[in-house]
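Only one structure is covered here, and it is reproduced in the block below.
None of the figures in this text is laboratory data; all of them are computed from the coordinates on show. The model shown is predicted, which means the values in this text are computed figures rather than measured ones. Glycine gets a Cβ as well: all are built from the backbone with ideal geometry, and neighbour counts include every protein chain shown.
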Amino acid sequence: MILNRAFAIFLFLFPHFLFAQNEPSTGVRFQDLPDWKSVKAKAQKENRYILVDCFASWCKPCKEMDKDVYPLDSIGSFVNDHYLSVKIQFDSTTDDNDQIKAWYADANYLEKEYKIKDYPTFLFFSPDGNLIHRSTGYKDPGRFLGIVRRALDPQHQYYTLLETYRQGKMPFDKMVYLTDLARSIDDNKVAGEVAHNYIDNYLLKQPEKELYTQKNLKFIADHLQGSKDKAFQLFYIHGASADAAMKSGNFSRNLVDRIIEREEINPGLYGNQEALQQNKVNPDWNEIHKRIKEKYNTECADRNLLWAKIQWLEYKHDWPEYCRNVVLKVERYGPYNKYNPYGADSKEELLNYSAWEVFRRSTDTIQLKKALEWSELSIKSQPTYPTQYMDTYANILYKLGRSAEATSMEEKAISMESAEVLTKDYKDNLIKIKKGEPTWPTK
């Protein structure tokens, strides 16, 4: 009797179990509509916002969105409740079906109208068909959910905020957010315009105590376009105050040098690309130095000319002169990193990098011994020094002919390193050291 009752209950519940097992995913449901006109008409009729996924068939991040984000119940439940969603392919292939082909004209229109350059691009429209927000690039589930939520809020919609700004109704405290939004979608023209409005008409009018904060100075530095900007004087004339606020002795100098390089050096070095490629032009160093000196001062001219020469000599592969100037720069102005000349690397990192540059290109014993000193300083300056510093030290020792010491140091670096990619590099170097082969470029 008990068994029969249990069987009866099972028979009653079985269809429900079966339905649950076969219930379709609640991921994002993209609409299969014939054209853009139909999308807008349906959205307006149902009073729903529109989410457009602009993708290309070759786009790997687009495929990752399809695989990792759109199928999730947490994403689908929110998007399906608030949006009418469509996917539009913006390239064309020989494998395109009739549905994709039918959208070619609309895709071309949307690409031009809304300046679609990157994939994926997500466009958000109000129910009446007005563009209100956008975002680009792969977004993990958490970030994507945040974007689709904020796109419904006028306080976070990019184009709604931009219209408020254009009407002169945006308070200053909202301009930083609008600037960040503009930069996130590579609308750099708007980002620059809004940032400079905020800097010139608000920040620079604040009392010095409120102006010289790390947050404000970093914002200004990020948006400094040239020496004609009003804010440039904060770093050129009043650099000591800016450095004190940033707790960095070279923050202002590095920023000024970046502007000098852009405005005074690069046009003279790289302005004539055709002649440059044919090696028919050489910089007029005296003219460049004179121009910087007249606009700034002798110290600025000396410092920036030396950096310009280093870059030029590297381009020309004039390694003896290149290394001579690298040593000169380190001795006069401190160590540096050519890949991040205006960054905030630690002194140990900069010493290690400068030492590595001389090791790679110099054959001069005096220069190599100086590099060895820098490398040793980088190790001594940091008790828990990275194994990269040890590897640099070992390589310089080897190039100086001190193979036994080099072997010992490289083996120590290998024993301490856990990262597989670095361990492989060190082991490769160790093999070359033991074989007496160069560990530096030979061309």
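Among beta bridges identified by DSSP and lying wholly in the stretch 36-152, the antiparallel ones come to about 60 percent. Summing Cβ point charges (Lys, Arg +1; Asp, Glu -1) relative to the Cα centre of the stretch 52-128 gives a dipole of roughly 220 debye. Taking amide H as placed 1.01 Å from N in the peptide plane, the amide H of THR136 sits under 5 Å from that of PHE122, each at least 5 places away or on another chain. For the stretch 324-387, run through the chymotrypsin sites (Phe, Trp or Tyr not before Pro) and keep only the ones in DSSP coil with at most 13 other Cβ atoms within 10 Å of their Cβ. Sparse-neighbourhood loop chymotrypsin sites (Phe, Trp or Tyr not before Pro): TYR339. Think of the chain as a dipole: +1 on every Lys or Arg Cβ, -1 on every Asp or Glu Cβ, centred on the Cα centre; then among GLY436, ILE310, LEU123, ILE310 lies furthest on the positive end.
Couplings 3J(HN,Hα) of the stretch 123-132, computed from phi: 9, 10, 10, 6, x, 8, x, 8, 5, 10 Hz, in residue order, whole Hz [Karplus 6.51 cos²θ - 1.76 cosθ + 1.60, θ = phi - 60°; x for Gly and Pro]. Here the Karplus curve 6.51 cos²θ - 1.76 cosθ + 1.60, taken at θ = phi - 60°, turns the phi angles of the stretch 49-64 into couplings of 5, 10, 10, 10, 8, 8, 9, 10, 5, 8, 7, 5, x, 5, 5, 5 Hz, with x standing for Gly and Pro.
The trypsin sites (Lys or Arg not before Pro) of the stretch 200-252 meeting both criteria, a DSSP state outside H, G, I, E and B (loop) and at most 15 other C-beta atoms within 10 angstrom of the site's C-beta, are LYS228, LYS230, LYS247.
Enclosing the Cα atoms of the stretch 63-127 in their convex hull gives a volume equal to 117 cubic angstrom per residue.
Other residues lying with their Cβ under 14 Å from the Cβ of ARG183 contribute a combined charge of -3, Lys and Arg counting +1, Asp and Glu -1.
Database remark: amide H of PHE90 closer than 5 angstrom to the amide H of PHE55, ALA56, SER57 (H placed geometrically; neighbours at sequence offset of 5 or more, or on other chains; Pro and chain starts carry no H). Residues whose amide H lies under 5 Å from that of GLY334, counting only those 5 or more places away or on a different chain, are absent; hydrogens are built 1.01 Å from N in the peptide plane. With pairing defined as another cysteine C-beta under 4.7 Å, the cysteines of the chain that fail it are CYS54, CYS300, CYS323. From largest to smallest, the equivalent ellipsoid semi-axes obtained for the stretch 343-443 from the alpha-carbon gyration tensor read 19, 18, 12 Å. Net charge dipole, the chain: roughly 560 debye, given to the nearest 20, about the Cα centre with Cβ charges of +1 for Lys and Arg and -1 for Asp and Glu.
Summarising the overall dimensions of the stretch 165-246 from its C-alpha atoms, the Rg and Dmax are 12.7, 38 angstrom. Between ALA419 and TYR109, the contour length at 0.36 nm per residue exceeds the Cα-Cα span by 106.7 nm.
Tally the DSSP beta bridges in the chain and give the antiparallel ones as a percent, rounded to 5. Present the calculation step by step, with values, prior to reporting the outcome.
Details: 10 of 18 bridges.
Given both bridge residues lie in the chain, the antiparallel proportion sits at roughly 55 percent.
Which value does Rg/Rh take for the chain over its C-alpha atoms, Rh per Kirkwood? Walk me through the numbers before you get to the answer.
Values: Rg = 30.3 Å, Rh = 27.5 Å.
Rounded to two decimals, Rg/Rh equals 1.10.
Shown in residue order for the stretch 143-157 are the 3J(HN,Hα) couplings computed by the Karplus curve 6.51 cos²θ - 1.76 cosθ + 1.60 at θ = phi - 60°: 5, 5, 4, x, 5, 5, 6, 5, 5, 8, 9, x, 6, 10, 6 Hz (x for Gly and Pro). Fewest neighbouring Cβ atoms within 10 Å first, the residues VAL86, VAL28 line up as VAL86, VAL28.
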